[in-house]
Amino acid sequence: MTEGAIETVMERTRQEEIRLVRFLYADHGGIIRGKAAGTARLRERMSSGIGHTVAMMAMSMLDQLQPVPGMGPVGEVRIVPDPETFVALPYAPGAGAMLADLIKTDGSPWEACPRTFLKQALAELAGEGYGMQAAFEPEFTVGHRETSPAAPSIPDRLIPIDDSLCYSSTGFHQGHAFVMDLVSAMQEQGLEVEHYYPELGHGQHELSIRHADALRAADNHVLFRETVRGVAFHRGLWASLAPKPVPDQAGNGTHLHGSLIDLGAEGGRNAFADPTDRNGLSQVGYHFIGGLLAHLPALVALTCASVNSYRRLAPQMWASAYTCYGMDNREAAIRICSPLRGDPGSSVHLELKPSDSSANPYLALGAFVYAGLDGIRSKLDPGEAVNVDPATLTDAERASGNTHRLPASLNAALDALSADEMLMDLLGPLRSSAYLAVKRSEAAHFAHSTDPYYECYEHFTKI
């Protein structure tokens, strides 16, 4: 944190008449939380942070506090913002926001800070001579929140704003007013909109932000989530990035895209690119895939982080359900994305399909980096690419290619995470115990309900 960055924030708050600045972080339940500082003492709060109970990282998405040693009523951390991330919030006049770290009172990183976890992963990656460019590719559903006359016995529903077809011009027309407000709000925050289109589900849209350095990409996704919902609320609508907000409609994925940059090469060469390979991928890229596949059952506990996630992770749903990779195979867990014409050297990258916005983006991207880095260090062989829908293969064919079904529930994914010694060690005892406690509690809560609308309600209202 530099004095120049702090002064820039102070000047912008004066010029743009900002009166409250939100210090935002993502918790283990995948919820964006924070506190706000008034601008009269903002300079001091940027240095000191805002006091915060350690217990909040043991809070589930249902606001149920879990018994985690070191996260009870005794103890304090500070929410310390990164002034480089300051934005004025177009959908909340008079308010701004910064992404924040959770810091101990002595100024050292707290072992349960998610943003610190990603920073540590990127530092390890840099030690091997690589940086990472990344992007999240989010889908979301826009509609009206409808309360039943029989509430609370019948939960609220999300009623989509349209019933248009996938990529249809009708969907463009019906979502136009909301989407143009959304694009404007993204651009005002420095988020470069790359693509937009109406998706398969009713009221479902996809809008992607340009890739960036990995930490900035995760920060961008927090701002993206806040902006989608904030713009919707401002227009009297409701928007959700939950994996399955409407039981009988297509789910919302948030595919994770990444490529490695060779820090030792002039201009930052894409370390995944090799035009002589049949898939355009370098040996480093294959090893990275090998690491992802080796840790994938555990990794999905962090990238598909809710009970609701597993309503969409099913075969032949284009969400991926098997531990395999392929060239432009949208049923594979890891897709090698073909390069853009005229840009074969820099546009080669990998897409992790089993990923959604119920995840904490810092934990998800950090674990993605660590898994791939393990593949590079151990020179893991990913085996042969699967370039057909893996669901169409026989059990014997899948077994011969080491293609297995991904965990079909949050509890199964948490079991795999608990058994993954590397990821558990990297998460550390405090973070891993808190994460598992929070997620186990969510799984237990929803196990008692047979009503899919109740589960969808609890997720679409929070994510």
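Below are the figures for this structure:
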item	result
Odd one out for R33, checked against (1) in contact (Cβ under 8 Å) with a residue 40 or more places away in the chain; (2) of a type in the set (K, R); (3) in a strand (DSSP E or B)	(1)
Hits in segment 170-187 (condition: open to solvent by 80 Å² or more (accessible area, probe 1.4 Å) and within 24 Å of the chain's Cα centre (by Cα))	M180, Q187
Segment 91-121, residues that are surrounded by fewer than 23 Cβ atoms within 10 Å (Cβ to Cβ) and within 20 Å of D374 (Cα to Cα)	T116, K119, Q120
Cross-chain or 6+ apart pairs with Cβ under 7 Å, segment 197-208 first and closer than 19 Å to A135 by Cα, then of a type in the set (D, E, K, R) and assigned to a loop (DSSP other than H, G, I, E, B)	H205/E199; E206/E199
Filter result for A271 (open to solvent by 10 Å² or more (accessible area, probe 1.4 Å) and either free of Cβ contacts under 8 Å to residues at least 12 places away in the same chain or not aromatic (F, W, Y) (or both))	no
Test for E111: is it among the acidic types (D, E), in contact with a strand residue (DSSP E or B) (Cβ under 9 Å, 6 or more places away or on another chain) and outside any strand (DSSP E or B)	yes
Cβ-Cβ under 7 Å pairs, at least 6 apart or on other chains, segment 326-350 side outside any strand (DSSP E or B) and at pLDDT 95 or above, far side open to solvent by less than 20 Å² (accessible area, probe 1.4 Å) and among the aromatic types (F, W, Y)	A332/Y325; A333/Y325
Set D213, D219: member being open to solvent by less than 20 Å² (accessible area, probe 1.4 Å) and either closer than 30 Å to H176 by Cα or touching a residue at least 40 places away in the same chain (Cβ under 8 Å) (or both)	D219
Contacts under 9 angstrom Cβ, first residue in segment 185-196 being touching a residue at least 40 places away in the same chain (Cβ under 8 Å), partner open to solvent by 80 Å² or more (accessible area, probe 1.4 Å) and part of a helix (DSSP H, G or I), 6 or more apart	A185/H234
Qualifying residues in segment 154-165 (those that are open to solvent by 50 Å² or more (accessible area, probe 1.4 Å) and either touching a strand residue (DSSP E or B) at 6+ places or on another chain (Cβ under 6 Å) or not charged (D, E, K, R) (or both)) - the one modelled with the lowest pLDDT	I154
Enumeration of residues in segment 251-277 that are assigned to a strand (DSSP E or B) and under 15 Å from the mean Cα position of the chain (by Cα)	T254, H255, L256, H257, G258
Subset of segment 344-372 [aliphatic (A, V, I, L, M) and crowded, with 24+ Cβ neighbours inside 10 Å]	V348, L352, A359, L363, A364, L365, A367, V369, A371
Odd one out for A150 among (1) of a type outside the set (S, T, N, Q); (2) at pLDDT 95 or above; (3) over 30 Å from S282 (Cβ atoms); (4) open to solvent by 30 Å² or more (accessible area, probe 1.4 Å)	(2)
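The values are calculated or read from the model by the stated rules, or taken from the named source; none is laboratory data. What you see is a predicted model; the values in this text were computed from it and never measured. Counting neighbours? That spans all protein chains shown, and the Cβs are built from the backbone with ideal geometry, glycine included. Heads up: the accessible areas ignore ligands, DNA and RNA and are worked out on the full protein's heavy atoms, side chains in. Shrake-Rupley method; radii C 1.70, N 1.55, O 1.52, S 1.80 Å.
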